[in-house]
Amino acid sequence: MMKGPCFGLGGRYTMRRKTCCVIGGKNVPFERMDTLQRALEQELERALKDGCSRMVCGFSGPGDMLFARLVRKRKTQRPRLFLEAFLISDSEIIGTDGKLRTELTWCNGIRIFSHTMCADGSRLRDEEMVLKSDRIIAILNGPTQRETYLCSIAQSAGKDVGVIRMD
């Protein structure tokens, strides 16, 4: 008999995967990307040591894309690692030049929140990622209301928050 939180998956039950997400990092200057990469590698390693096997990101900025690339590299050594994209709308896939579509092929799952863009789409997506995750990696590039708000949601829910300051 299995113990712990479970969810239905195709008629069978599976242990819930510990989840880590990345938020922020949309306006990281190019010259700081090496610093961000080193910090993300450290946070990703902490998440893996903590037992996280499901990695979630919004694929919406340089921080997200770098995180996804690092997870993709780790998937060669850890085939059970699960990468999931949380997209605001399907127009993010349809309207791209092909690069995002290629990077989405790295994902084991894609979650689309709406078939049309909406004003609150990114906020709703980010809140969902934070609330569904056990560990949050917050990339902060100056004090922004959104990241501060998301970190406060995570901390009040008792989530583990790793902060990467880029300012």
Which of (1) buried (at least 16 other Cβ atoms within 10 Å of the Cβ); (2) touching a residue at least 60 places away in the same chain (Cβ under 8 Å) is the odd one out, the single condition Arg72 does not satisfy? (2)
Being exposed (fewer than 14 other Cβ atoms within 10 Å of the Cβ) and either of a type in the set (Gly, Ala, Ser) or touching a Phe, Trp or Tyr at 6+ places or on another chain (Cβ under 9 Å) (or both) is the filter here, so list the residues in the range 126-150 that pass it. Gly142
Qualifying positions in the range 126-150 - under 14 Å from the mean Cα position of the chain (by Cα) and either more than 20 Å from Leu87 (Cα to Cα) or in a loop (DSSP other than H, G, I, E, B) (or both): Ser133, Asp134
Over the range 151-167, the set of residues loosely packed, with under 14 Cβ neighbours inside 10 Å and either part of a helix (DSSP H, G or I) or in contact with a His (Cβ under 8 Å, 6 or more places away or on another chain) (or both) is Ser152, Gln155, Ser156
Selection over the range 27-44 where residues are assigned to a loop (DSSP other than H, G, I, E, B) and in contact with a helix residue (DSSP H, G or I) (Cβ under 7 Å, 6 or more places away or on another chain) yields a count of 1
Please tell me if Lys99 is modelled with pLDDT of 95 or more and exposed (fewer than 12 other Cβ atoms within 10 Å of the Cβ). no
Those residues of the range 138-163 which are within 15 Å of Gly61 (Cα to Cα) and hydrophobic (A, V, I, L, M, F, W, C), in sequence order: Ala138, Ile139, Leu140
Pull out all pairs, ordered by first then second residue, where Cβ-Cβ is under 9 Å, the residues are six or more apart or on different chains, the first lies in the range 17-28 and is over 9 Å from Met55 (Cα atoms) and buried (at least 19 other Cβ atoms within 10 Å of the Cβ), and the second is aromatic (Phe, Trp, Tyr) and at pLDDT 95 or above. Gly25/Phe67
Within the range 45-58, considering residues that are buried (at least 22 other Cβ atoms within 10 Å of the Cβ) and outside any strand (DSSP E or B), the one modelled with the highest pLDDT: Ala47
Scanning the range 116-138 for residues that are of a type outside the set (D, E, K, R) and at pLDDT below 90 gives Thr116, Met117, Cys118, Ala119, Gly121, Ser122, Leu124
Whichever residue in the range 78-96 is assigned to a helix (DSSP H, G or I) and surrounded by 15 or more Cβ atoms within 10 Å (Cβ to Cβ) and, among such residues, is modelled with the highest pLDDT: Ile93
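The values are calculated or read from the model by the stated rules, or taken from the named source; none is laboratory data. This structure is a prediction, so every number in the text was calculated from the model and none was measured. We place every Cβ from the backbone using ideal geometry, glycine too, and count neighbours over all the protein chains shown.
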